[in-house]
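The values are calculated or read from the model by the stated rules, or taken from the named source; none is laboratory data. Being a predicted model, the structure only gives us computed values, none of them experimental. A quick note on method: Cβ atoms are made from the backbone with ideal geometry, for glycine too, and the neighbour counts reach across all protein chains shown.
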Amino acid sequence: METVKLTIDNKEIEVPRGTTILKAAKELGIEIPTLCYMDLHDLNIENKPGGCRICVVEVQGRRNLAPTCSTKCEPGMVVKTHTARVLNARRTVMEFILSDHPKDCLICPKSGTCELQDMAHRLGIREIPGQEFAEMSTYRKDTSPSIIRDLDKCIMCRRCETMCNDVQTVGALSAFNRGFQAAVGPAFEQNLEYSSCTYCGQCVAVCPTGALTEVNHVPQVLKALNDPTKTVVVQTAPAVRAALGEEFGMEPGTLVTGKMTAALRALGFDYVFDTDFAADLTIMEEGTELLDRLSRHLKGDKTARIPILTSCCPGWVNFFEYYYSDMKDVPSTAKSPQQMFGAIAKSYFAEKIGINRKDMVVVSIMPCLAKKYECQRDEFSVDGNPDVDFSISTRELATFIKQANIDIRNLHDEEFDSPLGESTGAGVIFGNTGGVIEAACRTAYEIFTGKKLERLEFTELRGMEGVRSATLDFDGTPIKIGIAHGLGNARKLLDDVKNGKSEFTAIEVMACPGGCIGCGGQPLHHGNSDIIKARAAAIYTEDRKKPLRKSHENPFIIKLYEEFLGKPGSEKSHHLLHTHYFDRKDKILVKK
Amino acid sequence: MSSIKIELRKEDVDFIKETCSKFNNDPQELINVLHGCQEHFGYLPAEVQEVISEHLNVPVAKVYGVVTFYSFFTMTPKGKHPISICMGTACYVRGGEKVLEEFKKELGIKVGESTKDNKFSLSSLRCVGACGLAPVVLVGDKTYGRVAPDDVKGILKEYE
Amino acid sequence: MSKYSMHLLVCGGTGCHAAESDAIVCNLRDEIEARGLTDTVQVIKTGCFGFCEKGPIVKVMPDNTFYVQVKPEDTQTIIDEHVIKGRKVTRLLYKDPSSKEAVSDSKHMDFYKKQMRIALRNCGFINPENIDEYIARDGYQALGKVLTEMTPDQVIKEIKESGQRGRGGGGFPTGLKWEIARKSVSDEKCVVCNADEGDPGAFMDRSVLEGDPHSVLEAMAICGYCIGASNGLIYIRAEYPLAIERLKIAINQARESGLLGNKIFGTDFSFDITLRYGAGAFVCGEETALIHSMEGLRGEPTIKPPFPAESGYLGKPTNVNNVETFASIPAIILKGAKWYSSIGTEKSKGTKVFALAGKINNVGLIEVPMGTTLRIAWFQWPSFSLNLQ
Amino acid sequence: MVSMAKFFLEFTVEESCGKCAPCRIGNKRLHELLGQICEGKGKLEDLDRLKNMSLVIKDTSLCGLGQTSPNPVLSMMENFREEYLAHVNDKKCPAGQCKSLMKYIINAENCVGCTACARVCPVNAITGERKEVHLINQEICIKCGACFEKCKFDAIYIS
């Protein structure tokens, strides 16, 4: 490889040609501050509009300061990263940025995790001269079911725009206006609700300031917990236990399942259940649907469309309802685990404990912001009473625990309640990309072939590649599996399906890079993909620790079918556990 | 946000479609398509941008981003005779506001709007540097000085 | 221009155009026809004369009579007195501001005397809507010479030796720019002419495009030959309808004459030009922003490097030059690098066109050698003395 | 010259694309600070700030627009520093361009009391009996200059 030699702060270094000064400096242990820059290495995405101008340094022989995020090393370059000129420029530019930023840090939802706040601290900003007559750019605040946009706090780093367009290809956000009034938002500065937004929350996950935050449902949950007439049931998604610990200073990848359960009980939830139970249920329904479609397809039934698409990710559902509404019959009709849980809790379980569904409040703890929107969909309620009342994110739960003075680090591990807290390893891996289809295959194999599955871990389905595929041998029948995480990758597979070029039997899609563990409601990873990998590893560890690892072996699932649902795909199952899809473009146009 | 809601007729949609296909539905020709549509409609309402977005396969947010970037493009329709009333200090104290009120009453529109037949649009502007003539009204390129509310009808009549 | 014994040149630049120069052209033609002079006298609508302050302007050739502030109703007098009787119409002549005397020959006007017109060499002398007139003044000869007698490297060497620097504001040496674009390896390259003139009060580019569009087309083709591009784009402001119109006419005429299109001059070189419109964003004068705008995006600049010469329009190597830069190229090729580099100063060779506007006596356009100070341009020329109100 | 610099910046502020912070916000702040100085609200230390802001905008902007936009401020501050000082120290505009800092005053020697100025004043700031010297009330005057243009006797001057 061709290399170049240069000097940074009097230290010599040799780096491959094409390396940026920022990365070369990092190798020397020189941490140059950045604000708009974002490196998502595993996604092959580098957001470097060169807009914030915080990372500038002095390069000998150049007239102007150079932004290190986008200036490549050249042979013989002499770089100085902290001269008076550089530090003054950084501070002055930071003062500019702050002069057009609200100073309500104390009450900002991003306070404490705000990169702008950190940078102001790091650069030692103590005053913002001229503020008394400085005009601020102001915009309308917009609250959607999942995301709040407060563009007064937008610093034009363009990270959200990159995520929404380049990674997710959702195209809901774009820079608009120019000059001082420029900001990033949906078309016509409309509400997000009336755009193609899928609420995947990736924009929120990368926003360095309080411009994009999630809708906070903790107050409503607190109110329900303090209402003696209500029985409050909580479910926790698999990805939460692999990330919650980070909010309390634990290493990424620390599993806190037991501590989380204990904390939820301490918060006052009447029943602490597990969404993993509903994940097992999803496998039963979705797996049955897959096998039914597959066998009909193999028999030559033209109405049986192959491939089948998973439908447990609400961001993904929103995406195909908007962009592929002509293919509404391709995805599985199975509801997501969150909604299956709600439907079962408010029917089967409510009956079991003898209360009316109206007196039960179901709360979900989710890594995901789209879940907030999903639980508010009209079709997931009975007479106006939603199956899931509130969905709060991993981050919100962490704040809630802190508010309640619960010292989660020193809690003793506790178990989930029964029966909706019992799950298999198949339910756990739902949190990772490839996990849903792996769980489905564990069950489908045994049902389809009638044989016992010897090797449980389909490692060929795992990994962080954006699009993956594998052919599984179902005792002579090849089953071709496609996996995509990140909506941009999903689009590639979907276009093939649309054009009749797809050869897959089943496709799993998760809207967020990495799957649920990388969702928009998780502790902020600030683009560090090692954190996502650590979470993924934790999930697989939890799977291995489980005594039962196939959904159809979950005794409580078996019991649920015996006592209540009949069999997978029964009429009652269909009524409670399956759904239908809409043309979201139409819906938005009508509402607008 | 788009303040106006319009309903596109079929021929309008067809026109946009044709314009897009004239440029091979190539997203790179977005600016040329926008030029063509603005020439035809006089402005670029949200609804037109939505149709363009669909045919060029560019997210509508991006279309809007481009429209708001270039000063040549506008989302508010201008009347055939745009009326601007100076609201600089001099004109204001000399009754500019009363003149503006009279125009609003006569035309039945607010500032920033156009009449239904698109003949007149109304806007207010900062000092035009003709304080000696205050209050000042501009209709197209023509300047009217020392306008009294009673003169409004007469001015409008000139453009009947 | 052989057939006619007399030519009436009427300025058709935007300034004079707005002041009824079209009506003057019509009237003149009517009068000439009525008097049966159509075979001997020709009326030509030209590009900007640069003397916008006193427009509309009618110039009578060959005797260089310069009539200013002509009104449509003056045409009869011009025909009857000047064309038929050979008597100059004194009241329409330009009057020297210091001596207050009428100047009958434009060569003696201070305004032109102190100029050196290279980029503007044809402006005001030819009908920009007629390719033959451009050809008659050595037009497309440079392209012919380049395609048949020179290698791309020789041309680039010539441009480099001329010392010409980009006239758009950056001042990057033109030859070097071409060389970088030539060295970039790609199956497709692109030549872009930056005609997004946006500085308030500047109208140099507009005048060239309106007065001599072919000079730009010819230079772009030469550039295409040098860097290995077959695709040319002119990014022009939508606010310049007249320049757009004339460019369209010029491109069509050049295509019809085989000077654009496939196998130009029977060589293997093919080159064509299309227009892209700006939409009112000053920043699009910056080349990376301009390229994004041509790609249908917001015209936001990106960091250089990579330079457009490495990765530009659609990621292909792209050479961007300004109108004025291109307009001088054919003259450099024909007259040679030595001639060009003898003009101007040590570091800045050649000439520069300036638009003069604001609180001065004469609004207009001048082309002077580099290094001519603004003070000279303003104060030493009586016609450009500052008029501090 | 201060108002000239402000005028140039107005153009940059309008034409900035908004991509990079120094050009998007810095030029706006520069423009605002010049506005303060034009209105006589500037302080001596503002000149240092003006210079620092200009230099940083030049030094850090992404493209040529921002890299050159503060040039008028810098060169005018260098060549016409006394004008800037006059603005912040004496609250005076030697060029008579800053409306807030200028005054229209009636020269009693030339005023014949024709009342033309009083009649043309849009805000009725001029008082005086016919054939007597008139007076401009500086509190009310909006500096529109109508009286100045109307007066046939050169009785109104700008200070």
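Per-residue answers, yes or no, for (1) within 13 Å of chain B (Cβ to nearest Cβ); (2) not in a strand (DSSP E or B):
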residue	(1), (2)
C:Asp272	no, no
C:Gly296	yes, yes
C:Ile303	no, yes
C:Pro308	no, yes
C:Ser311	no, yes
C:Asn321	no, no
C:Tyr340	no, yes
C:Lys347	no, yes
C:Val353	no, no
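Looking only at residues that are assigned to a strand (DSSP E or B) and within 14 Å of another protein chain (Cβ to nearest Cβ) in the range A:108-151, which one is nearest to D:Gly42 (Cα to Cα)? Result: A:Arg149.
Within the range A:96-107, the set of residues being away from chain D (no Cβ under 12 Å) and acidic (Asp, Glu) comprises A:Asp104 only. Taking (1) closer than 20 Å to C:Glu367 by Cβ; (2) part of a helix (DSSP H, G or I) in turn, C:Ile126 satisfies each apart from (2).
Here is a yes/no grid of residues against (1) within 28 Å of A:Lys372 (Cβ to Cβ); (2) in a helix (DSSP H, G or I); (3) of a type in the set (A, V, I, L, M):
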site: A:Ala278; (1), (2), (3): yes, yes, yes
site: A:Thr288; (1), (2), (3): no, yes, no
site: A:Ser311; (1), (2), (3): yes, no, no
site: A:Gly315; (1), (2), (3): yes, yes, no
site: A:Phe319; (1), (2), (3): yes, yes, no
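Yes or no, residue by residue, for (1) over 27 Å from A:Leu548 (Cα atoms); (2) buried (at least 24 other Cβ atoms within 10 Å of the Cβ); (3) assigned by TED's automatic domain parsing to the domain that holds A:Glu422; (4) not hydrophobic (A, V, I, L, M, F, W, C):
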residue	(1), (2), (3), (4)
A:Tyr271	no, no, yes, yes
A:Ala279	no, yes, yes, no
A:Ile283	no, yes, yes, no
A:Gly287	no, yes, yes, yes
A:Arg296	yes, no, yes, yes
A:Lys302	yes, no, yes, yes
A:Ile308	no, yes, yes, no
A:Ser311	no, yes, yes, yes
A:Gly315	yes, yes, yes, yes
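Taking the range A:217-241 as the search range and keeping residues that are touching a helix residue (DSSP H, G or I) at 6+ places or on another chain (Cβ under 7 Å) and among the charged types (D, E, K, R), which one is nearest to A:Thr424 (Cα to Cα)? Only one residue fits best here, namely A:Arg241.
Within the range A:495-537, if we keep just the residues that are among the polar types (S, T, N, Q) and in a loop (DSSP other than H, G, I, E, B), the residue that is modelled with the lowest pLDDT turns out to be A:Asn528. When we screen D:Lys92, D:Lys131, D:Lys41 for residues that are surrounded by fewer than 14 Cβ atoms within 10 Å (Cβ to Cβ) and assigned to a loop (DSSP other than H, G, I, E, B), the only hit is D:Lys131. Against the list (1) touching a helix residue (DSSP H, G or I) at 6+ places or on another chain (Cβ under 8 Å); (2) within 14 Å of chain D (Cβ to nearest Cβ); (3) closer than 25 Å to D:Leu65 by Cα, the condition A:Lys80 fails is (3). Candidates A:Gly482, A:Gly427, A:Gly421, A:Gly476: the one that is within 25 Å of A:Asn44 (Cα to Cα) and either at pLDDT below 90 or not aliphatic (A, V, I, L, M) (or both) is A:Gly482.
Any residue in the range B:16-33 that is in contact (Cβ under 8 Å) with a residue 12 or more places away in the chain, surrounded by fewer than 21 Cβ atoms within 10 Å (Cβ to Cβ) and more than 14 Å from chain C (Cβ to nearest Cβ)? Among the residues of the range B:16-33, at least one is in contact (Cβ under 8 Å) with a residue 12 or more places away in the chain, surrounded by fewer than 21 Cβ atoms within 10 Å (Cβ to Cβ) and more than 14 Å from chain C (Cβ to nearest Cβ), which makes the answer yes. Look at D:Val56 and say whether it is surrounded by 24 or more Cβ atoms within 10 Å (Cβ to Cβ) and either more than 10 Å from chain A (Cβ to nearest Cβ) or in a helix (DSSP H, G or I) (or both). Here the answer is yes, as D:Val56 does meet what is asked. Just one residue in the set A:Leu294, A:Leu267 is in contact (Cβ under 8 Å) with a residue 40 or more places away in the chain and more than 20 Å from A:His217 (Cβ to Cβ); that residue is A:Leu294. Within the range B:60-77, if we keep just the residues that are over 17 Å from A:Ala183 (Cα atoms) and without any contact (Cβ under 8 Å) to a residue 60 or more places away in the chain, the residue that is farthest from the other protein chains (Cβ to nearest Cβ) turns out to be B:Thr74. Among the residues of the range C:180-236, those that are part of a helix (DSSP H, G or I) and surrounded by fewer than 20 Cβ atoms within 10 Å (Cβ to Cβ) comprise C:Ile180, C:Lys183. Scanning the range A:43-69 for residues that are buried (at least 21 other Cβ atoms within 10 Å of the Cβ) and in a loop (DSSP other than H, G, I, E, B) turns up A:Lys48, A:Pro49, A:Gly50, A:Gly51, A:Cys52, A:Arg53, A:Ile54, A:Cys55, A:Leu65, A:Thr68, A:Cys69. The residues of the range B:92-123 that are modelled with pLDDT under 80 and either part of a strand (DSSP E or B) or within 14 Å of another protein chain (Cβ to nearest Cβ) (or both), listed by number, are B:Tyr92, B:Val93, B:Arg94.
All conditions in (1) in contact with a strand residue (DSSP E or B) (Cβ under 7 Å, 6 or more places away or on another chain); (2) surrounded by 15 or more Cβ atoms within 10 Å (Cβ to Cβ) hold for D:Leu47, with the sole exception of (1).
The set of residues in the range A:468-488 that are surrounded by 15 or more Cβ atoms within 10 Å (Cβ to Cβ) and either part of a loop (DSSP other than H, G, I, E, B) or within 23 Å of the chain's Cα centre (by Cα) (or both) comprises A:Arg468, A:Ser469, A:Ile481, A:Gly482, A:Ile483, A:Ala484, A:His485, A:Gly486, A:Leu487, A:Gly488. Please find, within the range C:148-171, the residue that is nearest to C:Trp339 (Cα to Cα) out of those that are at pLDDT below 90, buried (at least 17 other Cβ atoms within 10 Å of the Cβ) and not polar (S, T, N, Q). This residue is C:Gly163. Among the residues examined, A:Thr209 does not qualify as of a type outside the set (Asp, Glu) and either not in a loop (DSSP other than H, G, I, E, B) or not assigned by TED's automatic domain parsing to the domain that holds A:Ser111 (or both). All conditions in (1) under 20 Å from the mean Cα position of the chain (by Cα); (2) modelled with pLDDT under 70 hold for C:Phe51, with the sole exception of (2). The set of residues in the range B:125-145 being modelled with pLDDT under 80, outside any loop (DSSP other than H, G, I, E, B) and more than 22 Å from D:Ala116 (Cα to Cα) consists of B:Leu125, B:Lys142, B:Thr143. For the range A:162-201, the candidate set comprises residues that are within 9 Å of chain B (Cβ to nearest Cβ) and among the charged types (D, E, K, R); within that set, the residue that is nearest to D:Leu30 (Cα to Cα) is A:Arg178. Is it the case that D:Leu74 is within 9 Å of another protein chain (Cβ to nearest Cβ), farther than 24 Å from A:Thr71 by Cα, out of contact with any strand residue (DSSP E or B) (no Cβ under 6 Å at 6 or more places or on another chain) and not in a loop (DSSP other than H, G, I, E, B)? Against the criterion (within 9 Å of another protein chain (Cβ to nearest Cβ), farther than 24 Å from A:Thr71 by Cα, out of contact with any strand residue (DSSP E or B) (no Cβ under 6 Å at 6 or more places or on another chain) and not in a loop (DSSP other than H, G, I, E, B)), D:Leu74 does not qualify.
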